[in-house]
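Since every read-out is calculated from the coordinates, none of them should be taken as a lab result. Just so it is clear, the structure is predicted and the values come from calculations on it, not from any experiment. Reconstructed Cβ throughout: ideal geometry from the backbone, glycine too, with neighbour counts over all protein chains shown.
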Amino acid sequence: MKRALIVLGVFALCGSLAVPAAAGEQGWHLRVFAAGIDPDLDETIENGDGDDIRVTSGTDLGIGASLEYQFTDLLGIDVGGFSGSPEIELSVDVPGYGVFSVRDAMSTRVFTMDLNFHVTPNSTFFDVYLGAGLAYLWYGDLHYDGPEIAEPLSFLTDNDLGWSAKANVAIALGKTSDWTAFGGLRYIWSNLEGTEAGDPNAGSESFNFDIFSFSVGIGYSF
């Protein structure tokens with residue numbers, strides 16, 4: 001989390017000092033992009049018999065799109081989404097036998113709604129904008145199987161609603177062009193809650209599942 005907040009802060013500061021100041025024309029902005037998804041998950045489930053289960057996540061590269069309506073030189077409403085499938089790994093360190101682990105890719109779809117603030121509205125070349133708002137996350141269920149475990153395991157996950165903040169820079173592809181190339185960083189505060197399927201006595205487990213995401217793509221203004 002500290003890593004993402006520091007990067008966002010530096011990104012915003014550099015953008016606010018950009019010369020010439022970044023442009024943001026009123027109207028519609030359609031953007032499509034590649035999105036890196038890096039969840040901040042590293043938790044331990046105490047099993048009661050000494051074989052605690054460590055739960056960690058990997059990263060993934062997905063795709064996304066957004067549409068912003070900029071209603072003033074400074075402000076715009078932006079809705080969008082992106083998806084990916086980061087791996088969720090369960091591992092157990094068994095004394096005398098070593099570490100056993102299983103993995104499954106978890107479908108992760110994110111819908112975002114932001115209020116964008118275009119920091120520097122006067123240039124025809126750059127558009128630096130910051131945003132904050134809500135993020136709704138759909139998580140896919142998890143299924144584990146293989147020789148490492150005695151029998152298959154399945155976990156049902158719940159969706160979540162969290163907060164989101166971002167910083168972006170767009171560069172016009174020509175002085176009078178409606179096309180831009182852009183890059184951005186986003187941080188989402190969220191949780192992941194799951195319950196073991198097929199076990200009526202199983203309680204749910206909740207984990208901090210904040211997501212750091214970067215995006216690179218192209219945009220079109222009309």
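For the reader, a short list of remarks on this structure follows.
- Net +/- balance of residues flanking ARG31 in space, Cβ distance below 10 Å, scoring K and R +1, D and E -1: -2
- Over all directions, the projected convex hull of the C-alpha atoms in the range 161-222 averages 6.4 nm² in area.
- Percent breakdown of C-alpha pair distances by 10 Å bin, ordered from the shortest bin, for the range 82-222: 10, 30, 25, 17, 11, 6, 1
- In terms of the mean number of neighbouring beta-carbon atoms within 10 Å, the peptides 171-184, 56-69 order highest first as 56-69, 171-184.
- Among ASP114, ASP104, sorting on how many other beta-carbon atoms sit within 10 Å of each Cβ, with the fewest leading, yields ASP104, ASP114.
- Annotation: the residues HIS143, HIS118, sorted from fewest to most other C-beta atoms within 10 Å of their own C-beta, follow the order HIS143, HIS118.
- Segment ILE171-HIS143, extension gain: residue separation times 0.36 nm, minus the distance between their alpha carbons: 5.8 nm
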